[in-house]
Amino acid sequence: MTALLDDAAITERLGGLNGWSREGDEIRRAFGAPSFMAGIDLVNAVARAAEDADHHPDIDIRWTTVAFALSTHSAGGLTGKDFDLAATIDRLAAEHGAK
């Protein structure tokens, strides 16, 4: 099982991410895509990366806004997996023109 991060480690890891915030046992970020289809393309790219990592985010799509929420449910909170996937999502969002 993946180890839970303590509050200090979570704060430190959040400091290395742009635009992500903590809400309880999750980290969240929303992106504005340049178009609906660009948002869907981003979701598909994240889905492939999440499947490869065997770590799956909650995803909410609202026209050109795509929001991601990450938590390691099997561990009961936030782990390094969440922050690693958040960094991947940031990279993929930039590649798809989402801000």
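Observations
- Enumeration of residues in the stretch 1-43 that are open to solvent by less than 80 Å² (accessible area, probe 1.4 Å), under 14 Å from GLY80 (Cα atoms) and either in contact (Cβ under 8 Å) with a residue 12 or more places away in the chain or polar (S, T, N, Q) (or both): THR2, ALA3, LEU5, ILE10, LEU14, GLY16, LEU17, GLU26, ILE27
- Residues within the stretch 1-57 that are touching a helix residue (DSSP H, G or I) at 6+ places or on another chain (Cβ under 7 Å) and more than 16 Å from LEU70 (Cβ to Cβ), tallied: 1
- Among residues of the stretch 44-99, those that are in a loop (DSSP other than H, G, I, E, B), open to solvent by 30 Å² or more (accessible area, probe 1.4 Å) and of a type in the set (A, V, I, L, M, F, W, C), counted: 1
- Taken as a whole, the condition of being of a type in the set (Val, Ile, Thr), under 14 Å from TRP20 (Cα atoms) and over 9 Å from the mean Cα position of the chain (by Cα) does not apply to VAL43.
- Scope the stretch 46-77; condition closer than 19 Å to ALA33 by Cα and more than 10 Å from the chain's Cα centre (by Cα); matching residues: ALA47, ARG48, ALA49, ASP60, ILE61, ARG62, TRP63, THR64, THR65, VAL66
The values are calculated or read from the model by the stated rules, or taken from the named source; none is laboratory data. Owing to the predicted nature of the structure, the values given are computational and were not obtained by experimental measurement. Note that we place each Cβ from the backbone using ideal geometry, even for glycine, and neighbour counts take in every protein chain shown. The accessibility values were calculated without ligands, DNA or RNA, using every heavy atom of the protein model including side chains. Shrake-Rupley method; radii C 1.70, N 1.55, O 1.52, S 1.80 Å.
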